[in-house]
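Derivation of every value follows stated rules applied to the coordinates shown; laboratory data play no part. Computed from a predicted model, the values in this text were never measured in an experiment. Heads up, the Cβs are rebuilt from the backbone with ideal geometry, glycines too, and the neighbour counts pull from every protein chain shown.
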Amino acid sequence: MNYMDVSVNLPPELQQATLELVNKAMNQAIKVITTKNNLPAYMTQQEASKYLHIAPSTFNKWQRAYNIPVVQIEGVKRYKRSTLDEFMKSQQK
């Protein structure tokens, strides 16, 4: 492939405006990604499955087979994110 270098000289005020625009766009993109990937410390079974990138049925199977710790209050189950991380680390070979 041939690449061509192109240089453009912009007036200082346009350079500054361009840098601010790029910076704003990058910060906004980072915020969107962080928000999408940020799951709560205590997750539902569906969120826990998503966090581990497995199907809910696989999570249920692992729950039974490996006795993944769960917090249950009045029938409501939640899975602690750090506990899921520890579980995955314990399965590492």
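Worth a mention:
- Student exercise, the chain dipole from Lys, Arg, Asp, Glu Cβ charges, in Debye to nearest 20: 700
- Between the labelled values (i) 121; (ii) 91; (iii) 187, the entry that holds volume of the Cα convex hull per residue in Å³ as derived from this structure is (iii).
- Per-residue Cβ neighbour rank within 10 angstrom, fewest leading, 71, 6: 6, 71
- Checking every one of the GluC sites (Glu not before Pro) in segment 43-90 against DSSP loop status and a limit of 15 other Cβ atoms within 10 Å picks out 74.
- Checking every one of the chymotrypsin sites (Phe, Trp or Tyr not before Pro) in segment 1-85 against DSSP loop status and a limit of 14 other Cβ atoms within 10 Å picks out 3.
- Among the lysines of the chain, pairs at least eight places apart or on separate chains and with Cα atoms under 23 Å apart come to 17.
- Value of [θ]222 nm, deg cm²/dmol, for the chain, DSSP H segments ≥ 4, -39500 (n - 2.57) each, nearest 500: -19000 deg cm²/dmol
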